[in-house]
Every structure is written in C-alpha cells, then in structure tokens.
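These notes are about the structure you will find just below.
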Amino acid sequence: MLYICIPAFDEAPTVGLLLWRIRTVFEAHPREYEIIALDDGSTDGTLETLKRYEKVLPLTVLRNETRLGYGAALDTLARAAAKATRYPRRDAMIVMQGDLTDRPEDLPELAKRFDGGVDCIVAEAGPSPANVPKEIRRLRRIAPWLMRRYVKVDGVADPLGTLRLYRIAVIRDVIKQAGDAPIVESAGWAANVELLVKAAKFCRRLETVPLEPRYDLRPRDTRVRWFPDALALYRFGVAQRALRAPAAT
C-alpha cells in the first residue's frame, strides 16, 4: 500500500486536478494506494473540493480548523499513515504538495524503487529551470551554505525537495523516538530537512532520484519567503550541531 500524503492550504484551484491525475496514474500503473489529504485551515474551497472526491477515490480528508503550518501538517500526516497501515514494512508514505509542484506522473518511479527494497527515496531538483520563482532561487542559493556545516545526509545533495517516499516502518521508528513531541518542529522547507535527517537514521537503504518540480502549473505565487525560510534552516542546523556536540565531562 502506498499512502499519498498531501498537505494543503488554500489549494482549491489545483488540489482536485492533482487527485484526478493521481487516479489516472494508478489506472495506468495499477497498485493499491490511499490518499490522505490534510486541509490546514484553508479559507477558500479546498475542504469542499477534497470532500467531493471522497466518494470516488480512496481518500481520507483530515482538517485543521486553523492553520498550523507545514511542519505540523507533516507530523499529522505521518502519524495518520503510521496508524492506518497494517503492514509497516510493506507499506510506504509518499509526501507531495497540493499545488502541482510535484508531479503524480513521477509516483511510479518512486514505487518501483520502493519495491526494490529502498526505505527512503528523495526527489532531487536538477539545475534550476527558468520558471523557478525568485524567492526559491534565492533560498536554494543560500541553503547549501547554511546547512553544509550542520546538516548532512549521506548520498543526498538536495535535502530541500518536497516529493519523498518513506517506508512506514521507518516513520514509526521516528515517531517512537519522538515520544510525546512532534516528529517535526521546524517551519517551511526546514521541515523537509528535519524529517529526512530523522528518518535517515533508521534507513537501511536511501536513494535519490532526479525529478524536476514544476512551478509553472499552479495559479498562485509561491509562499516561500527566502529570509524566514533561510532563518528556519539556520536554526535547525544550529540545533543539529548542539545535538552532535560531545557532552561535557
């Protein structure tokens, strides 16, 4: 089983099309899947759009009455997938965005690698195409400098991307380690980095795959703001450095 986890905030213009494209992909590449979509306090018609698809798709819709942010959404979705699975070693959680940045047509490639025994698959962006928003270009330019001293996942050159696959047994290990705390406490893109760093500790095999995000299909501007997101990355990096520091004797 693949659990396709979609955090959504004010994505009414795109989330319905995304769901239908996911259905089309799995009609062409049959396998068992379940979509878990979290409406993070949207103020447009996102919730209503999601609800319309519950009767025609294997879809579970979750709802935050107020917006809690991307990191909290990842935590909620990961826990929902971990609870739903019956076979955590055989099932996977895939995280993708609700704005068409991540392409449903790339899901079979992730599934193929997972079937080959990979525990975590990270989609890495290649050289930035011309349609990358300015805020994202700035963040991608500064992020490696911010993280290189503090954050490293062996084999991963681009830890910022949003399209990921995690074996649910790995996610359960992350949840168990967190205890009563959220598994992700960072904001923005730093949340992607934090979850990857924590999951990598429990992965026997981790692979990357070059899959270019699309920024030209969504009708809205990017919500990335390079300075706050860079600050969140820096704070996460500093926290990681503190965790690795040797204890005083």
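Every read-out reported here was derived from the displayed coordinates using simple, explicitly stated rules and does not represent laboratory data. Not measured: the values here are computed from a predicted model. When we count neighbours, we look across all protein chains shown, and the Cβ atoms used for this are built from the backbone with ideal geometry, even at glycine.
Just how large is the dipole of the stretch 2-244 about the Cα centre, in debye to the nearest 20, putting +1 at every Lys and Arg Cβ and -1 at every Asp and Glu Cβ? Provide the component values of the computation, followed by the final result.
Values: 40 positive and 33 negative charges, 164 e Å.
In total the dipole reaches around 780 debye.
Nothing charged except the Cβ atoms of Lys and Arg (+1) and of Asp and Glu (-1): what's the magnitude of the dipole of the stretch 116-182 about its Cα centre? Round to the nearest 20 debye. Could you put the intermediate results ahead of the total?
Numbers: 12 positive and 7 negative charges, 70 e Å.
Its charge dipole is roughly 340 debye.
Set Lys and Arg Cβ to +1 and Asp and Glu Cβ to -1, take the dipole of the chain about its Cα centre, and tell me which of ALA92, TRP189, GLY155 lies farthest positive.
Most positive-ward Cα: GLY155.
By counting other Cβ atoms within 10 Å of each Cβ, how are MET93, MET147, MET1 ranked from fewest to most? Provide the component values of the computation, followed by the final result.
Numbers: MET93 26, MET147 20, MET1 17.
By the 10 Å Cβ count, ascending, the order reads MET1, MET147, MET93.
Sorting LEU62, LEU163 on the 10 Å Cβ count, fewest up front, what's the list?
Values: LEU62 17, LEU163 23.
Ascending Cβ contact count within 10 Å gives the list LEU62, LEU163.
Starting from 0.36 nm per residue, how many nanometres of slack lie between GLU105 and ASP221 once their C-alpha separation is accounted for? Walk me through the numbers before you get to the answer.
Numbers: separation 116, 0.36 × 116 = 41.76 nm, distance 2.29 nm.
Length difference between fully extended and current span is 39.5 nm.
By count of other Cβ within 10 Å, fewest leading, how are LEU107, LEU146 ordered? Intermediate results must be reported in sequence, preceding the final value.
On the way: LEU107 23, LEU146 20.
Ascending Cβ contact count within 10 Å gives the list LEU146, LEU107.
Suppose every Lys and Arg Cβ carries +1 and every Asp and Glu Cβ carries -1, with no other charges. What dipole size does the stretch 26-156 come out with about its Cα centre, to the nearest 20 debye? Working shown, then result.
On the way: 22 positive and 21 negative charges, 117 e Å.
About 560 debye.
To the nearest 0.05, what FRET efficiency results for TYR87 and HIS29 with a Förster distance of 22 Å applied to their C-beta separation?
On the way: r = 20 Å, r/R0 = 0.91.
It comes to 0.65.
Tell me, how many Å apart are the Cα centres for the stretch 138-184 and for the stretch 19-47?
24
Calculate for the chain the 222 nm mean residue ellipticity that helices alone would give, adding -39,500 (n - 2.57) per DSSP H run of length 4 or more and normalising by residue count, nearest 500 deg cm²/dmol.
That comes out to -13500 deg cm²/dmol.
Provide, as a two-decimal number, the C-alpha radius of gyration of the chain over 2.2 N^0.38 Å, N being how many residues it has.
On the way: Rg = 17.3 Å, N = 249, 2.2 N^0.38 = 17.9 Å.
Against the compact-globule rule of thumb, the ratio is 0.97.
Once you have a ≥ b ≥ c as the square roots of the Cα gyration tensor eigenvalues for the stretch 1-143, tell me rounded if a/c is under 1.5, and otherwise prolate or oblate according to whether a/b is larger than b/c.
Values: a/c = 1.44, a/b = 1.07, b/c = 1.35.
Judged from the Cα gyration tensor, the stretch 1-143 comes out rounded (a/c under 1.5).
For the chain, set up a Gaussian network in which alpha carbons nearer than 10 Å are linked by springs, and say which option among THR76, THR222, THR85 fluctuates the most.
It is THR222.
Going by a ≥ b ≥ c, the root eigenvalues of the Cα gyration tensor, does the stretch 46-100 fall in the rounded group (a/c under 1.5), the prolate group (a/b larger than b/c) or the oblate group?
Details: a/c = 1.88, a/b = 1.24, b/c = 1.52.
Oblate, since a/c reaches 1.5 and b/c is not below a/b.
Summing +1 for each Lys or Arg and -1 for each Asp or Glu, what net charge is found among the other residues whose Cβ lies under 9 Å from the Cβ of LEU139?
Numbers: positive: ARG137, ARG138, ARG140, ARG141, ARG225; negative: GLU135, ASP229.
That works out to +3.
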